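The values are calculated or read from the model by the stated rules, or taken from the named source; none is laboratory data. Nothing here was measured: the structure is a model prediction, and the numbers come from that model. Here Cβ is always computed from backbone atoms with ideal geometry, including for glycine, and neighbour counts include all displayed protein chains. Heavy atoms of the whole protein, side chains included, go into the accessibility calculation; ligands, DNA and RNA do not. Shrake-Rupley method; radii C 1.70, N 1.55, O 1.52, S 1.80 Å.
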Amino acid sequence: MDELEDRDVANLLELAKNTIELKVKAPAFNKEIVLENNKVNKRAKALIQFFYKPTNVLIDEIYIKGENIISDEIMGAALSFLKKINENIFIKEDLLNDLDIQIHIISKLEPLGKNSIERLKNLDLSKHGVFIKYGMKEGFLFPYYKNLNKTKFLEEACTRIGLPPYYWKQTKVNIYRFEARRYKKNESGKITSF
């Protein structure tokens, strides 16, 4: 995985926005036009989220595994998002003004431990999120929930992917920790990390 700088993430946020805008406004989508000024030739794990600004409701989130160049993966995620919501609502240009895109850059996933004691010991809620995988179910919980203790945090991660809350104690459930930086564009157009 490559280290992404703030300007790389700014380019990726702009790339996602431009992909959606061009696809909505132009009948013939040209990938090269969108990539022209925003290409980032690096590989990185990330999560891209699409929020409806007026209510701050999460519409969709897509995990980027870092297997390909991140510019291509971000563009694919934006197109996938459009396809999903186009099946449910007619996309209008004013949706573009109400869309908030956030990108979480994810560090290397590290095993949290094999049993509940190790998992609790190795989790630092001030900096770690978790990735849980069990069979076909997988998902993230980011370290932004200040009101949860370690047990409640791991229970929440399980319930978010459809597992019973106590499954974080099961040795067959793979749990990884990571650190993340979250980026978005604020109202003035400046990229902020929080």
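Values for this structure:
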| item | result |
| --- | --- |
| Filtered residue count, segment 26-41, keeping only those that are at pLDDT below 85, charged (D, E, K, R) and open to solvent by 90 Å² or more (accessible area, probe 1.4 Å) | 1 |
| Of residues in segment 170-181 being open to solvent by less than 50 Å² (accessible area, probe 1.4 Å) and of a type outside the set (Val, Ile, Thr), the one farthest from His128 (Cα to Cα) | Ala180 |
| Residue selected from segment 117-155 under the condition among the small types (Gly, Ala, Ser) and closer than 26 Å to Ser71 by Cβ, by the criterion surrounded by the fewest Cβ atoms within 10 Å (Cβ to Cβ) | Gly139 |
| Criterion: modelled with pLDDT under 85, surrounded by 11 or more Cβ atoms within 10 Å (Cβ to Cβ) and charged (D, E, K, R) - qualifying residue of Lys114, Lys23, Lys65 | Lys23 |
| Filtered residues of segment 150-169 (kept if out of contact with any Asp or Glu (no Cβ under 8 Å at 6 or more places or on another chain) and without any contact (Cβ under 8 Å) to a residue 12 or more places away in the chain) | Lys152, Thr159, Pro164 |
| Enumeration of residues in segment 42-60 that are in contact (Cβ under 8 Å) with a residue 24 or more places away in the chain and open to solvent by 10 Å² or more (accessible area, probe 1.4 Å) | Lys42, Arg43, Lys45, Gln49, Phe51, Tyr52, Lys53, Pro54, Asn56, Ile59, Asp60 |
